[in-house]
Structure formats: structure tokens, C-alpha cells
Amino acid sequence: MRTFSGGVHPEEYKYLTENCAFEIMPAPEEIILPVSQHLGKDAQPVVKKGDEVVCGQLVAKAEGFISAPIHSSVSGKVLSIGKEITPTGFPKDSIVIKSNGNVTEQTATLPPLDPETISPDEIRQRVAEAGIVGQGGAAFPTYVKLSPPKDKVIDVVILNGCECEPYLTRDYRFMIERPDDLIAGFKLILKALGVKRGVIGIEDNKPEAIKILSEKIKNENELEVISLKTKYPQGAEKMLIKAVTGKEVPPGKLPMDVGAVIQNIGTALAIYDAVAKGQVLITAALTVSGLGIKNPKNLIVPVGTPIQDVIDYCGGVSDDAVKIIVGGPMMGTAQFDLHAPVLKATSGILVLTKEEVSKSPETPCLRCGQCVGACPLNLVPTKLARYSQLQKFEEAEEADITVCMECGTCAFTCPANIPLVQWIRIGKQKVLEMQKERVNK
Amino acid sequence: METTIQQETKQKVYFDLTSSPHLHSGWSTSKVMWFVNLALAPSIATALVFFGLYQILIILTAVIFAVGTEALIQFIRKKEITWFDGSAALTGLLLALTLPPNFSLSATAIGSVVAIGIGKQIFGGLGYNIFNPALVGRAFLQAAFPVQITTWTKPNYAVDTISSATPLAAFKFDKIITETSSLAIGNVGGSLGETSAIAVLIGGIFLMAVGIVNWRIPISMIIGMFIFGGIFWGINPQQYPSPIFQIFAGSFLFGAMFMATDWVTSPITNKGMWIFGLGISLVLVVIRIFGGLPEGVMYSILIMNAFVPMINRFTKPQTFGKAKEERK
């Protein structure tokens with residue numbers, strides 16, 4: 001079975017939602033659209049307070065090469081443009097739109113194109129126009145990923161069907177509910193990149209998805225479904241590339257440097273919808289789960305919907321809920337303000353109870369080496385955390401602290417319950433600042 | 001009045017805002033310690049069966065004095081008292097199981113005080129010590145009570161009617177080979193917990209199965225014994241014991257499963273664990289063959305403990321993707 005070295009096996013909790021078909025959540029009264037929902041430059045608002053907008057209308061345009069436009073997910077009126085809280089915990093410039101409540105379909109769509117005859121340039125242009133960003137969490141503008149520099153030879157595109165974060169079942173539902181559209185979207189990606197080999201990597205805890213997709217691609221010579229060992233973080237880019245191609249992406253380099261491009265399941269579908277249906281990206285597919293939510297669901301939610309509305313739609317939280325997370329339980333962010341909106345790349349909202357998040361008290365490091373054995377990037381987490389505690393940032397840099405992707409494997413496995421990732425994150429921040437200063441000098 | 005208004009206008013806030021990851025394996029320091037204590041139950045049982053119920057007093061004395069010393073020092077140092085975390089109890093228990101049957105209770109108590117006081121707390125407590133505390137305690141007793149600690153009792157159900165000497169001493173000084181079956185069951189002379197290979201293996205395999213003991217250490221020790229012990233045995237099988245005999249006799253397996261694998265005093269890298277295990281066997285073979293002692297597991301582990309910080313430094317794993325980069 002193909003995989004990477006290290007990793008852990010957290011309890012999956014997928015049973016809560018794996019059999020829940022996607023439901024479409026009605027638009028909320030008000031949506032909040034931060035102008036930064038992607039990596040890169042903020043989008044520039046093109047509407048002002050009081051403007052009437054229709055669903056699907058452009059409200060903020062892309063600025064610079066690495067950026068993405070933002071469209072309204074409701075029809076209504078722009079209430080305000082100003083700082084609003086986001087799931088990252090920081091307030092960001094946001095466009096707040098009050099829905100007039102009577103439009104559910106995209107009104108201002110782009111003209112549909114034929115996926116068979118479309119050219120690679122047209123695909124890229126459409127992906128850029130539709131504001132598509134990577135659905136895997138990092139929210140990297142997709143058209144940038146589809147426009148590699150000429151000197152990079154890409155020989156494989158990997159569709160990431162691992163969904164290795166516990167609880168989340170969004171990609172799984174997509175794979176079994178929309179396999180044909182997914183494959184069509186994947187082919188569009190291959191076409192845009194001019195690549196002849198496409199691999200769909202799926203963890204073996206999703207046999208149904210492996211079966212359906214293998215059946216569908218039976219007659220496709222370019223495509224292949226590969227079953228991967230179920231292990232966290234199998235879905236991390238570097239781990240997935242290692243498992244599929246055997247190659248390691250060097251620190252500071254991109255997947256394309258080893259000839260691979262990774263795309264998320266949700267991204268492939270968004271590309272298909274943008275091309276074949278002319279839709280812009282104004283919905284987020286997410287898993288609402290956890291033992292603390294009354295009715296766990298897989299939902300299609302208008303982008304900008306406040307977390308509170310999503311939770312209310314799922315029956316609210318139980319009395320023993322203690323933590324609300326946006327994203328997966330291993331890498332997601334705990335929320336303190338439920339006004340924060342669902343963003344384009346939001347993959348889940350989890351309401352966790354004490355039972356799920358309970359931890360024992362922290363003790364000194366026992367030097368057991370569990371974190372060392374588990375780190376998928378072969379770092380020494382206990383040492384990195386220690387350097388950070390002691391403010392020895394030069395040593396931390398030397399020990400490759402910036403390579404850490406904060407997957408959480410080390411802290412998950414630590415018997416001394418040391419918040420390793422938190423310490424490493426602090427150290428990483430400082431080292432990055434140091435490096436920036438060095439460049440400026 | 002003001003506070004009530006504030007409370008009303010404020011939406012419900014979820015206060016658990018700790019950073020990711022939000023899930024945890026469920027292991028904790030004390031859970032690990034109690035699991036290791038539990039894994040020693042078969043060895044305690046064989047100690048009582050082969051050497052009599054009196055041995056429970058040695059075990060209790062060692063545990064009580066270890067836990068008491070830990071609590072006392074933490075109290076004096078104004079630290080949190082953590083006697084229920086099972087780690088001091090484990091040190092006491094491990095020490096007791098390395099002592100000869102019917103060992104003096106007062107000397108046992110001294111051993112425990114030294115183990116915790118000098119072996120562990122003097123370095124700053126749990127996680128900071130360099131040497132295995134139980135072995136520090138035992139090494140002290142070896143020096144302080146050299147006669148008592150090498151006075152062996154004939155076990156119950158013994159097949160061998162001649163002597164109460166340990167199998168290794170019997171071989172070293174009289175070239176008597178003890179049957180492997182007896183070494184497995186444990187009806188031979190030796191320290192309380194070390195005589196029964198089966199009881200030790202049950203505990204050790206349990207700890208490997210739950211992931212507390214990293215298999216690399218015991219396995220590399222065994223491989224090391226086959227290599228280094230095998231060389232001498234290959235040169236002269238009459239003069240030197242076979243590796244299998246060396247593995248089953250004495251405290252080799254007990255050391256491999258419970259002493260060398262002590263988290264705090266063993267390497268943190270996988271490669272380091274291999275070097276550590278092989279090193280213990282090398283030192284052990286040298287002690288057993290060239291030294292005056294028939295035993296030597298204790299010293300070989302303590303010696304390798306001293307190398308652990310260096311081993312960790314030189315076996316730092318290659319960061320993912322770096323090797324590829326340099327090859328270019």
C-alpha cells in the first residue's frame with residue numbers, strides 16, 4: 001500500500017456525516033465577503049455602500065497576478081464595506097450584503113462553454129474569472145496553479161481524494177455524488193496544463209469512492225485511481241506526491257519543481273461548473289459535524305454565510321459543546337466570534353464536545369521520540385518547540401523550523417501533552433521575520 | 001446592573017480557543033507510567049512464585065520509598081507533587097525487580113532513595129535525568145552492599161539441585177549450562193524479576209503492542225547480541241556462551257524490555273535507537289567476557305545512557321526533501 005513515512009491514526013468520526021447527501025442551505029439574511037479569501041493580494045471592491053447587486057455579480061476584482069475576484073452569493077444591497085471578523089481570528093476588509101431574499105439561482109452567470117472544444121487558455125481565463133481558489137484549505141488562486149512557468153515540466157496531476165482530516169466527508173460525498181462532473185473537471189485541469197497523466201489518490205477508508213471512480217475511468221487511458229493507506233496527513237501535498245510518485249518536494253520548493261500538480265476534489269468540480277455551467281464560485285461545500293452539533297450535515301452554503309447561521313441551520317449546538325472549529329480538527333482554527341463567515345475554501349465547521357477535545361495536563365518532555373517518529377517531514381518537533389521556548393531562533397532556523405507545515409501530528413501523539421505546534425508556530429513566525437529582515441538589509 | 005447588560009448583549013462565547021490540533025491520542029505521562037507498571041505484573045508474579053511471598057515486602061518497600069522520596073523532594077523544592085503519576089512508583093518497582101531474593105529491606109529503602117534522589121530529582125525531576133534512575137539505585141547498592149547483592153537464593157521448583165548461583169555465574173565460573181526451558185520459565189537463580197524470560201516477554205510485547213516500547217531498542221539489542229556474542233561463541237563455543245544463552249540468561253531481556261527502553265534515557269530518533277541497542281550489547285559482551293562480572297546489563301545500559309545526547313545529535317533525521325536537493 002502506497003504511503004509516506006511517519007503519520008498518525010486519529011479517530012475518524014466520519015460516520016457522523018459520510019452517509020449524509022449534500023443539502024443546499026438557503027441564503028442567509030446577510031452575507032459577509034472578506035476581500036481576502038485567498039493567498040495573494042486582496043481583491044479590490046468594485047461596489048460601494050448602497051449598491052444593488054445580484055447573485056453572482058462581481059463585487060471585488062482581482063488585483064495583481066496572485067489574487068482572485070469575489071462575487072456576491074446573494075441578491076440584495078451592499079450594507080457596508082469595512083473591517084469584519086474572519087475565521088482566522090483577524091478582522092479583514094469585507095463587503096457586507098443584505099439579501100433581498102428572493103433569488104436563489106445565480107443570475108449573473110458567465111456563458112457556458114463546451115468542455116470538449118475549450119482551449120487551455122480559455123480554461124485558465126474562465127477559472128480566473130470565476131474566482132476559483134484551491135478548496136484544500138490554502139486557497140491558492142487556481143488559475144495561477146494552472147499557469148506554470150514554461151520551464152517547468154509537469155508530468156502528473158494528482159487529484160487529492162484523501163480527505164485525511166477526521167470528520168470531514170465533503171470530498172467523499174463529491175466523489176460518490178458527482179463522479180462524472182468530477183472526472184470532466186479533472187480532464188479540464190489536464191488539458192489546461194497539457195499533461196497526459198492524471199492520478200486520483202484516495203485513502204482506502206473510502207472504498208465506495210474508489211469503486212465508483214475506478215469504474216468511471218475504466219476506459220480512460222490517461223487517468224488512474226490509486227488507493228492510499230489511511231493515515232494522517234496523507235492528504236498533505238508533499239505526502240501525497242511522495243506516496244504517488246515517490247518524489248520528495250524539497251524545502252521551499254513547489255510541487256511543480258518535482259513535476260507534479262495537486263488539485264483538490266472541490267476545485268475540479270468548481271472548474272467544471274465554471275466551464276460547463278458558467279457558474280462563478282459563490283458556494284462553499286462543507287461538512288458540519290462533531291458530537292456537539294445537533295444534526296450533522298454536508299452542506300452547500302453561500303460564501304459569506306456567518307458560521308452562526310450554518311450552525312442554526314444544523315439544529316444548533318448541544319449543551320456540552322466547548323469548541324467550535326473552522327476547518328478540520330487537526331489544522332482548523334478555533335472560533336471565538338460566530339459572526340465570522342464561511343469562505344470560499346472553508347471545508348468544515350466542527351462543534352466539539354469535551355469528550356472529543358479533552359487533554360491531560362502538560363508535563364515535561366519525556367524524550368520518548370514519538371513526535372520524531374511521527375513527523376511526516378522528518379523534523380524533531382520536541383527540539384523545535386524547545387528552541388522556540390528558549391527563544392533560540394537561529395538554532396530553530398538551522399533545524400528547519402520553517403519546513404513545518406503545522407499538520408499537528410506531533411502534538412497529537414505527544415504523551416506529555418506539550419502544545420508543540422503552538423510553540424513551533426511562534427518560532428516559525430520569528431524565523432520568517434528574521435529572514436525578511438536579512439533580505440531587507 | 002452593568003454586568004447583566006453586558007451578559008445579555010454578548011453572544012455565547014466558546015472559551016476553548018486552544019490552537020490546533022484539536023484532537024489528541026489520549027496518552028498522558030501518567031497513563032504511560034501506569035501501563036509500564038502493569039506490564040511488570042507477570043514478572044512480579046514469577047518473583048513471588050519462585051522466591052516466595054516475602055519478596056512482596058521488597059517490592060512494597062522499594063515503591064513506598066521511591067514515591068515518598070519523590071514527594072519529599074518536590075515538597076522541599078516547592079514543586080507540584082506528582083506522586084500519583086506512576087513514574088516514581090515505576091522506578092521503585094523496577095529497582096525491586098533487579099534485586100536478589102530476600103534482599104535486606106533497609107538496603108532496598110536506601111536504593112530507592114538514591115534512585116529517586118540522585119538518579120532523578122537532582123537533575124530536575126521527570127524528563128531531565130540522564131541515567132536510568134532504577135539502575136542508578138541498583139549501581140549504588142552494588143557498591144554499598146557487594147556481598148548481599150550477589151547472594152542468591154535457590155528458587156522454588158528448581159531443576160538444578162546443586163547450586164543457587166545464577167546461570168551466567170554458573171557458566172562463567174563452572175561452565176555449567178542451564179537449560180533454556182528453565183531460563184524461559186524462571187525456576188533458576190537470579191534477581192526477582194529477571195529469571196522468567198516468558199514473564200518479561202509478555203510484559204514487553206504488551207508494551208510494544210500499545211506503542212510505549214519502541215521495538216527498535218529490544219530488537220537491536222538482540223541483534224547486537226547475536227553479532228557480538230556470536231563472534232566469541234564462533235571462535236570458541238566451549239569457552240564462550242552462545243548468544244541464545246546470553247539472551248535468555250540473566251537480566252538481558254528484562255533490561256532490553258524495561259530498562260533500555262526508558263523513554264527519558266534512550267534516544268529520540270529511530271536511527272539513534274538502533275545505535276543505542278547495538279551499543280548496549282557490545283558493551284555487555286565486553287563486560288561479560290573480559291570483565292570479572294558474570295552480569296553487566298546494568299552497567300552497559302548506564303554507559304550507553306551517557307551517550308544518548310550525543311547519539312541524538314548525530315542521528316538527527318534528514319529533513320523531508322533535503323537529501324534529494326543535495327544530490328542534484
Expressed in nm², what is the orientationally averaged projection area of the convex hull enclosing the Cα positions of the stretch A:208-283? 7.2
Alpha carbon centroid spacing (whole Å) that separates the stretch B:241-275 from the stretch A:235-267: 39
Residue B:143-residue A:214 pseudo-label distance in nm [points 7 Å out on the Cα-to-Cβ vector]: 6.5
Which loop-located trypsin sites (Lys or Arg not before Pro) does the stretch A:44-139 contain, where loop means any DSSP state but H, G, I, E or B and the Cβ has at most 15 other Cβ atoms within 10 Å? A:48, A:49
On full extension of the chain, what length is gained from residue A:360 through residue A:437, given 0.36 nm per residue of separation minus the C-alpha to C-alpha distance? 23.8 nm
Fewest to most Cβ atoms within 10 Å: A:22, B:320, B:314 sort as B:314, A:22, B:320
I'd like the distance separating the alpha-carbon centroids of the stretch A:107-177 and the stretch A:71-90, in whole Å. 24
From zero up to wherever the largest Cα-Cα distance of the stretch B:29-314 sits, split into 10 Å bins and tell me the percent of pairs in each. 7, 31, 38, 20, 4, 0
Whole-Hz ³J(HN,Hα) for each residue in the stretch A:276-291, computed from phi via Karplus 6.51 cos²θ - 1.76 cosθ + 1.60 with θ = phi - 60°, x for glycine and proline: what do you get? 6, 10, x, 8, 8, 7, 10, 10, 10, 9, 9, 9, 9, 8, x, 6
In Hz, Karplus ³J(HN,Hα) per residue of the stretch A:84-95 (6.51, -1.76, 1.60; θ = phi - 60°; x = Gly, Pro): 9, 5, 10, x, 6, x, 9, x, 9, 4, 9, 9
Direction-averaged shadow area of the convex hull around the Cα atoms of chain A, nm²? 21.2
Share antiparallel - DSSP beta bridges, the protein assembly as shown, percent rounded to 5: 65
For residue A:80, other-chain or 5+-apart residues with amide H closer than 5 Å (H placed, Pro excluded) are A:96
Cleavage-rule hits, trypsin sites (Lys or Arg not before Pro), the stretch B:86-176, DSSP coil, Cβ neighbours within 10 Å at most 16: B:175
Using the per-residue mean of other Cβ atoms lying within 10 Å as a proxy for protection, in what order, highest first, do the peptides B:146-158, A:321-333, A:110-122 fall? A:321-333, B:146-158, A:110-122
Expressed in Å to one decimal, the Kirkwood Rh of the stretch B:201-303 from all distinct alpha-carbon pairs is 13.5
Just add up the charged neighbours of residue A:350: K/R +1, D/E -1, any other residue whose Cβ is under 10 Å from the Cβ of residue A:350. -1
Rule-of-thumb Rg ratio for the stretch A:35-164 [Cα; 2.2 N^0.38 Å; N residues]: 1.18
Just subtract the alpha-carbon distance of residue B:198 and residue B:130 from 0.36 nm times their residue separation and send over the number in nm, one decimal. 21.5 nm
With n ≥ 4 as the cut-off for DSSP H runs, can you work out [θ] at 222 nm for chain B, using -39500 (n - 2.57) per run divided by the number of residues, rounded to the nearest 500? -17000 deg cm²/dmol
Separation of the stretch A:378-441 and the stretch A:336-361 by C-alpha centroid, Å? 24
Running a GNM on chain A with Cα contacts under 10 Å, which residue among A:282, A:97, A:212 ends up with the highest mean-square fluctuation? A:212
Out of all DSSP beta bridges in chain A, what portion is antiparallel? Express it as a percent rounded to 5. 65
From Cα pairs below 8 angstrom and at least 6 apart in sequence, can you work out the relative contact order of the stretch A:370-440, rounded to a whole percent? 38
At 222 nm, what helix-only mean residue ellipticity would chain A give, in deg cm²/dmol to the nearest 500, using -39500 (n - 2.57) for each DSSP H run of four or more? -8000 deg cm²/dmol
Collect residues whose amide H, placed 1.01 Å from N in the peptide plane, falls under 5 Å from the amide H of residue A:203; neighbours closer than 5 in sequence don't count. A:162, A:228
Per-residue Cβ contact counts at 10 Å, fewest first, order B:85, A:319 as A:319, B:85
What are the ³J(HN,Hα) values, in whole Hz, obtained from phi via the Karplus relation 6.51 cos²θ - 1.76 cosθ + 1.60 with θ = phi - 60°, for each residue of the stretch A:182-191 in sequence order, with x given for Gly and Pro? 4, 5, 4, x, 4, 5, 5, 5, 4, 5
Restricting attention to the stretch A:1-45, which GluC sites (Glu not before Pro) occupy a DSSP loop and are surrounded by at most 15 other Cβ atoms within 10 Å? A:11, A:29
With a cut-off of 15 Å, note down the residues of the stretch A:209-253 whose backbone N falls inside the zone around a label point 7 Å from the Cα of residue B:323 toward its beta carbon. A:242-243, A:246-251
Over 53 Å [Cα-Cα, the protein assembly as shown], rounded percent: 26
With bins of 5 Å, the percent of all Cα-Cα pairs of the stretch A:370-440 per bin from 0 is 3, 21, 31, 23, 13, 5, 2, 1, 0
Going by amide H atoms built from the backbone, whose H comes under 5 Å of the H on residue A:133, apart from near neighbours? A:142
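None of the figures in this text is laboratory data; all of them are computed from the coordinates on show. Since we're looking at a predicted model, the values are computed, not measured. Cβ atoms come from the backbone with ideal geometry, glycine included; neighbour counts cover every protein chain shown.
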